[in-house]
Amino acid sequence: MAIKIVLANRKGGVGKTTTALNLSANLASMGYNVLAMDFDPQSNLTVGFGINILSLGASLSNVFEDRCSIAEVTVTDRHGCNLHIVPSTPDIEKVIESGCVANHLRKNELIKFKFGDLEEAYHFVIMDTPPGKSTLTMNSLAIADYVIVPMRLDALSTVGLKQMRDLVGDVKAQWLNPKIELLGLLCTFYEQNTDSLEHMDIISGVDSPFREYLFETRIRKNITLSKSIARGMPVIHFDKRSHGYMDYDAFTREFLKRLEAEHSSAILRPTAI
Ligand SMILES: Nc1ncnc2c1ncn2[C@@H]1O[C@H](COP(=O)(O)OP(=O)(O)OP(=O)(O)O)[C@@H](O)[C@H]1O
Ligand SMILES: [Mg+2]
């Protein structure tokens, strides 16, 4: 069974897409079979993989419309056959707002019944979501095993973290997805200045309810990460000497360690399947 991870934060511009892109590519480079799913109408993850959305025949919108299966809209990454992408196109917003989805009694669970055999084909499904709390985000939360919250350290970070913790709690309590868990909080855009350190102290302080969730790895602010996305590729294929690559490599290893603590490690080894 695939382990399904959502990158979510109701705040925008915190590194959700950058993390989804680089975590997916790093896991694939280690030999895992990865499905990266773009739930965002901005299509940043799709474009970040170098996919031209204008030339796509089908996308996640068609899955929500019930016209295609997930497998039918899946694209193989140009860097390796064990990484696949479910692209998003901007029309997904219109599809979601259309009467047949908007009035659907289970509109937050439409994607739940679409996986079928795909569960067995992948080690990981990594999902990128838009900011806010939309039907698209709710669909990703409905199928996720774990949520990772990328966050920027600022005066309002704890407000955003509380919102996300409450959202995960609601998803559990309302039986949309009783198995979902918060896997961790990832500090992005990290800078070794007093401002960052001060906010980090608040989140990692002994009294903080978020302390246990913090990943040790911090993603430093690094221009190479935005340059690589602009060039349509994860940083592993763009510049392996950059801090951006080193930080996401360290994060991917810490992510695997954290999951191995929750599952039997044999499930996670690519060679075991
Ligand atoms: N560690 C970093 N250092 C420098 N720039 C970064 C870093 N992480 C992301 N960026 C850049 O910051 C911008 C926002 O990042 P990203 O798109 O990953 O955030 P997001 O949370 O997905 O945003 P949205 O909520 O709009 O979907 C992008 O231009 C990205 O290239
Ligand atoms: Mg994004």
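The values are calculated or read from the model by the stated rules, or taken from the named source; none is laboratory data. Here the structure is a predicted model, which is why all the values come from computation and not from measurement. Backbone-built Cβ (ideal geometry, glycine too); neighbour counts: all protein chains shown.
A few points about this structure:
- Checking each residue in the stretch 27-58 for being buried (at least 19 other Cβ atoms within 10 Å of the Cβ), away from ligand 1 (no atom under 16 Å from the Cβ) and part of a helix (DSSP H, G or I) picks out LEU27, ALA28.
- Test result for HIS104, without any contact (Cβ under 8 Å) to a residue 12 or more places away in the chain and outside any helix (DSSP H, G or I): yes
- Wholly within the stretch 162-273, helices (runs of 4 or more DSSP H) carrying at least 2 residues that are under 17 Å from the mean Cα position of the chain (by Cα), more than 16 Å from ligand 2 (Cβ to nearest atom) and at pLDDT 90 or above: 243-262
- Here GLU109 fulfils each of the conditions (1) out of contact with any helix residue (DSSP H, G or I) (no Cβ under 6 Å at 6 or more places or on another chain); (2) among the acidic types (Asp, Glu); (3) within 29 Å of ASN82 (Cβ to Cβ) apart from (1).
- Every residue from the stretch 128-143 that is among the hydroxyl-bearing types (Ser, Thr, Tyr) and part of a loop (DSSP other than H, G, I, E, B): THR129, SER134
- Cβ-Cβ distances below 7 Å connect the following pairs, each with a first residue in the stretch 188-206 that is touching a residue at least 60 places away in the same chain (Cβ under 8 Å), a second residue that is in a loop (DSSP other than H, G, I, E, B), and a separation of six or more residues or different chains: THR188/VAL14; THR188/GLY15; PHE189/GLY15; PHE189/LYS221.
- Residues (in contact with an Asp or Glu (Cβ under 9 Å, 6 or more places away or on another chain), closer than 24 Å to ILE219 by Cα and either surrounded by fewer than 21 Cβ atoms within 10 Å (Cβ to Cβ) or aromatic (Phe, Trp, Tyr) (or both)) located in the stretch 169-183: GLU181
- Residues of the stretch 27-49 satisfying the condition of being more than 16 Å from ligand 2 (Cβ to nearest atom) and aliphatic (A, V, I, L, M): LEU27, ALA28, MET30, VAL34, LEU35
- Residue in the stretch 5-18 that is away from ligand 1 (no atom under 12 Å from the Cβ) and surrounded by 19 or more Cβ atoms within 10 Å (Cβ to Cβ) present: yes
Residue-wise test of (1) closer than 27 Å to ASP239 by Cα; (2) acidic (Asp, Glu).
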site	(1), (2)
ILE3	no, no
ASN22	yes, no
TYR32	yes, no
LEU45	yes, no
ALA58	no, no
PHE64	no, no
GLU72	no, yes
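- Residue identified as within 18 Å of PRO131 (Cα to Cα), within 16 Å of ligand 1 (Cβ to nearest atom), among the hydroxyl-bearing types (Ser, Thr, Tyr) and buried (at least 23 other Cβ atoms within 10 Å of the Cβ) among SER88, SER24: SER88
- Pick from the stretch 1-26, criterion assigned to a loop (DSSP other than H, G, I, E, B) and more than 9 Å from ligand 2 (Cβ to nearest atom), ranking: farthest from LEU225 (Cα to Cα): MET1
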